[in-house]
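Student: One structure follows; several queries about it will come next.
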Amino acid sequence: MTLNQAYIFLGFAIVAEVIGTTALKASDSFTRPVPSLITVGCYALSFYLLTFSLRVLPTGIAYAIWSGVGIVLISLVSWLYFKQSLDLAAIAGLGLIIAGVMVINLFSKSVGH
């Protein structure tokens, strides 16, 4: 597997995790069956896809990207879809997460460029 393929799997894993987390909110503490099933299915798919990226990427790096990008995306989904507010401190923190992911990808020798 190439590095590009690993990142593609990682990207799909992130999308599945964000869909699962969005459905988790809609599941109303697992009291609604359809969103609950979507949550469980998407989380399982996300972890499955993550395993492919771990064939090439170091575990810590893959997990940092997976969780960091997932946090930013689910925050955006929550803001747009659930109308949850983000204050200046939250936006600054999300910006720092994005900066961290960029530093890892652009400058870290841990990821084979």
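The values are calculated or read from the model by the stated rules, or taken from the named source; none is laboratory data. Treat the numbers as computed from the prediction; the structure is a model and nothing was measured. Methodologically, a virtual Cβ is constructed for each residue, glycine included, from the backbone with ideal geometry; neighbour enumeration extends over all protein chains shown. Just so you know, the surface numbers come from the protein's heavy atoms only, side chains and all, with ligands and any DNA or RNA stripped out. Shrake-Rupley method; radii C 1.70, N 1.55, O 1.52, S 1.80 Å.
Student: Using the Cα centre of the chain as origin and beta-carbon charges of +1 (Lys, Arg) and -1 (Asp, Glu), tell me which of Gln5, Leu88, Met102 is placed farthest towards the positive end of the dipole.
Tutor: Sorting the options by dipole projection puts first Gln5.
Student: Thinking of the chain as a set of Cα atoms, what percent of all their pairs are more than 16 Å apart? Write down the numbers at each step before the final one.
Tutor: Values: 3952 of 6328 pairs.
The proportion of pairs with Cα distances above 16 Å equals 62 percent.
Student: Specify the inter-centroid distance of region 60-78 and region 87-108, based on alpha-carbon positions, in whole Å.
Tutor: When both Cα centres are located, 10 Å separates them.
Student: Once every DSSP H run of n ≥ 4 in the chain is given -39500 (n - 2.57) and the sum is divided by its residues, what mean residue ellipticity at 222 nm do you get, rounded to the nearest 500 deg cm²/dmol? Spell out each step's value before the answer.
Tutor: Details: 4 runs with 88 residues, N = 113.
Dividing the helical sum by the residues of the chain leaves -27000 deg cm²/dmol.
Student: At 1.4 Å probe size, with every protein chain present, just tell me what the per residue accessible area of the chain comes to in Å². Intermediate values should be presented prior to the final figure.
Tutor: Working: 6950 Å² over 113 residues.
Computed with neighbouring chains in place, this is 62 Å² per residue.
Student: Name the long-range amide H neighbours of Ser27: under 5 Å, sequence gap of 5 or more, or other chain; modelled H, no Pro or chain starts.
Tutor: none
Student: Further question on the same structure: For region 3-107, which whole-number percentage of the solvent-accessible area (1.4 Å probe, protein heavy atoms only) is attributable to carbon and sulfur atoms? Working shown, then result.
Tutor: Details: 4710 of 6300 Å².
Heavy-atom surface of region 3-107 belonging to carbon and sulfur, 1.4 Å probe: 75 percent.
Student: In square nanometres, what is one fourth of the surface area of the convex hull spanned by the alpha carbons of region 70-113? Show your work: numbers first, answer last.
Tutor: Values: hull surface 13.9 nm².
With every direction weighted equally, the projected area is 3.5 nm².
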